[in-house]
1. In this structure, is E172 assigned to a helix (DSSP H, G or I), touching a residue at least 12 places away in the same chain (Cβ under 8 Å) and surrounded by fewer than 13 Cβ atoms within 10 Å (Cβ to Cβ)?
2. Here are some residues: E122, E126. Which one is touching a residue at least 12 places away in the same chain (Cβ under 8 Å), under 15 Å from the mean Cα position of the chain (by Cα) and either open to solvent by 70 Å² or more (accessible area, probe 1.4 Å) or closer than 28 Å to R33 by Cβ (or both)?
3. I need the full set of residues from region 78-115 which are surrounded by fewer than 21 Cβ atoms within 10 Å (Cβ to Cβ), hydroxyl-bearing (S, T, Y) and at pLDDT 90 or above, in order please.
4. Search region 130-146 for residues being out of contact with any strand residue (DSSP E or B) (no Cβ under 7 Å at 6 or more places or on another chain) and touching a residue at least 12 places away in the same chain (Cβ under 8 Å), and hand back the single one that is most open to solvent (accessible area, probe 1.4 Å).
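The values are calculated or read from the model by the stated rules, or taken from the named source; none is laboratory data. Here the structure is a predicted model, which is why all the values come from computation and not from measurement. Please note: Cβ atoms are built from the backbone with ideal geometry, for glycine as well, and neighbour counts cover all protein chains shown. Accessible surface is based on the protein model in full, side chains and every heavy atom, while ligands, DNA and RNA are left aside. Shrake-Rupley method; radii C 1.70, N 1.55, O 1.52, S 1.80 Å.
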Amino acid sequence: PAPDPRLHTGGRDRALDFFVNYLLYHEVDIRQRSALVKTLAPLGVDLWGDEKGWAPHRAPGVRHHGVCDFESGLGGVLSSSRICLNMSRVISDGVNMRSFEIPACGSFQLALYNETLAELFEEGREVAMFKTFEEARDKAAYYLKNDEARLRIADAGRARFLRDHTLARRFETVQNVLQQLGL
């Protein structure tokens, strides 16, 4: 399907660029997630999501549990997981909602490194981050064996979330910016 050029500034060429780039980002994400899951598979990986979307990521050691309902099931899955893997879109995004949902549930977050997340949570103290799949595997193995270190980071991440990243805090920030603009 052709993108609706009225939805994008810059005309038809800009809309097509956006559409093509989005598809490329999506393909990169799929390949990166698949490689990461396969790297972590020997440690045991539990996946939640639609069967079709996660089928390419299957490997020995990977268990698929189906769709996790956001409203009634996500918090339970996150809070009961020893390590919550967070891989935001590789090319286009800084952080995603999971960056906040994981610490909100008091869980340990192992996330793909990005500068924005490092500004929001202190790496090594409130979140663990990785830059390579091998680093993700090594950190996951370490934190699976070191409950105290893992729980300390999870607790610090939750405290940071409650202090700085709740919706109430975000609304305060928006309100302050609007006041500074005289609105």
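1. No, not satisfied.
2. Working: E122 fails: under 15 Å from the mean Cα position of the chain (by Cα).
Answer to the check: E126.
3. The answer is S79, S80, S81, Y113.
4. Here the answer is K131.
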